[in-house]
Amino acid sequence: MEVARTRAELREAADRLRASGSSVGLVPTMGALHRGHLSLVEKAVANGDAALVSIFVNPLQFGDAGDLAAYPRDEEADLAACEKAGVAAVFAPSVAEMYPKGAPDTVVRPGPLADELEGAARPGHFTGVATVVTKLFSLAGRCRAYFGEKDYQQLVIVRRLVADLDLAVSIVGCPLVREPDGLAMSSRNRRLEGADRESARGLFRALTAGKQLIMAGERSARAVESAMSEVLSHDTPRPDYSSVRDPERLARLEVVDRPVRLLVAAGVGPVRLIDNLAVCPP
Ligand code: PAF
């Protein structure tokens, strides 16, 4: 497995893979890899792609310096996990390598969806994501890129970015992976201990309550949101949004008369957690 540290090395690695007849499957990550990330690699390999994993904690998408400093990092374990999973190449640059002139003057500003939900709580977050993802796409060249549905809003924004800018990338969305008790896998879960770990289950409980209501015939999106909100307020210390959205563009809905995405967010202990669930009304 090749480890590219510079942008030039990444370009060369991706070109070499294509020249040898492989398609490239880019898996962008911020490291601290877990089974959710590895499921993206597995999907790339199953699609016949040479998997190229990027590991880069992107400062541009963190509003809070403390959050950036505390973000889990374990490169040695990440490289071992990639090797074991059959990854062809890893791109693990430094911040100075990715942003040699410091914070870039030119950024990619997604549309209004970037100001809602996670964007409302983390102003500028999706500009940071869209900017780094566009750089990674530009460096990797023609590829499929794999994103988890765990960050569902990010996935919708990245799909739109690729369509709007005609990028030579085909986006593959992959199902969220959960712990046995329902908690969505996230690198941030490493920072949850004791009672916080128990509270974190409240996100999935809220989504389950929303789903049960819809399956029982409730069609008012506001009623479903209130029910999710109630669980989130009861179970988690810092509840944020509970929202019923259409799955394609994440527009708000009044009536649940088609497949929907339920989305929730809450602060638990030192971290902010998000989760979502697809629901198809009977
Ligand atoms: O989902 C993530 O881990 C990050 O937002 C991404 C896509 C790697 C960009 O930094």
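Quick note: the coordinates plus some simple rules give every number you see, no bench work behind them. Keep in mind the model is a prediction, meaning the values are calculated, not measured. Note that we place each Cβ from the backbone using ideal geometry, even for glycine, and neighbour counts take in every protein chain shown.
Overview of values
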{"read-out": "Segment 193-199 - phi-based ³J(HN,Hα) in whole Hz, Karplus 6.51/-1.76/1.60, Gly and Pro as x", "value": "9, x, 5, 5, 4, 5, 4"}
{"read-out": "Kirkwood hydrodynamic radius of segment 120-273, Cα pairs, Å", "value": "16.8 Å"}
{"read-out": "Ratio Rg/Rh [Cα only; Rh per Kirkwood] for segment 1-41", "value": "1.01"}
{"read-out": "Kirkwood estimate for segment 10-135, i.e. one over the average of 1/r between Cα atoms, Å", "value": "15.8 Å"}
{"read-out": "Built amide H within the under 5 Å cut-off of Gly148, gap 5+", "value": "Cys174"}
{"read-out": "Residues in segment 45-60 reached by a label modelled at Ala19 [backbone nitrogen below 15 Å; 7 Å Cα→Cβ]", "value": "none"}
{"read-out": "Cα centroid separation - segment 32-74 against segment 182-259, whole Å", "value": "24 Å"}
{"read-out": "Value of Rg to Rh for segment 34-96 (Rh from inverse mean 1/r over Cα pairs, i.e. Kirkwood)", "value": "1.02"}
{"read-out": "Top positive-direction residue, dipole computed over the chain with Cβ charges, set Ala195, Ser170, Pro112", "value": "Ser170"}
{"read-out": "Calculated from backbone phi, Karplus (6.51, -1.76, 1.60) coupling profile of segment 219-230 in Hz, x at Gly/Pro", "value": "10, 8, 4, 5, 5, 5, 4, 4, 5, 5, 4, 4"}
{"read-out": "Computed over segment 136-251: relative contact order in percent, which uses C-alpha pairs under 8 Å that are six or more apart", "value": "20 percent"}
{"read-out": "Relative packing of peptides 100-110, 76-86 - highest average C-beta neighbours within 10 Å first", "value": "76-86, 100-110"}
{"read-out": "The chain: proportion of alpha-carbon pairs further apart than 32 angstrom, %", "value": "25 percent"}
{"read-out": "Long-range HN-HN contacts of Tyr241 with modeled amide H, under 5 Å", "value": "Ala265"}
{"read-out": "Centroid-to-centroid separation of segment 89-112 and segment 115-163 [C-alpha atoms, Å]", "value": "13 Å"}
{"read-out": "Net dipole in debye of the chain [+1 Lys, Arg Cβ; -1 Asp, Glu Cβ; about Cα centre; nearest 20]", "value": "380 debye"}
{"read-out": "Protection proxy ranking, peptides 241-248, 58-65, average beta carbon neighbours within 10 Å, highest first", "value": "241-248, 58-65"}
{"read-out": "Projected-area average for segment 109-211 over all orientations - Cα convex hull basis, square nanometres", "value": "7.8 nm²"}
{"read-out": "Under-5 Å amide H pairs with Gly31, H placed in peptide plane, nonlocal only", "value": "Phe56"}
{"read-out": "Per-residue [θ]222 nm for the chain (sum of -39500 (n - 2.57) over DSSP H runs n ≥ 4, rounded to 500)", "value": "-12000 deg cm²/dmol"}
{"read-out": "Relative contact order of segment 189-282, defined on C-alpha pairs under 8 angstrom at six or more residues apart (%)", "value": "31 percent"}
{"read-out": "Per-residue Cβ neighbour rank within 10 angstrom, fewest leading, Tyr152, Tyr99", "value": "Tyr99, Tyr152"}
{"read-out": "Computed lengthening from Ala223 to Arg201, 0.36 nm per intervening residue step minus Cα-Cα distance", "value": "5.8 nm"}
{"read-out": "Angle between the chain longest axis and helix 35-46 axis [Cα atoms, degrees, rounded to 10]", "value": "60 degrees"}
{"read-out": "Antiparallel bridge percentage (DSSP; both residues within the chain; nearest 5)", "value": "45 percent"}
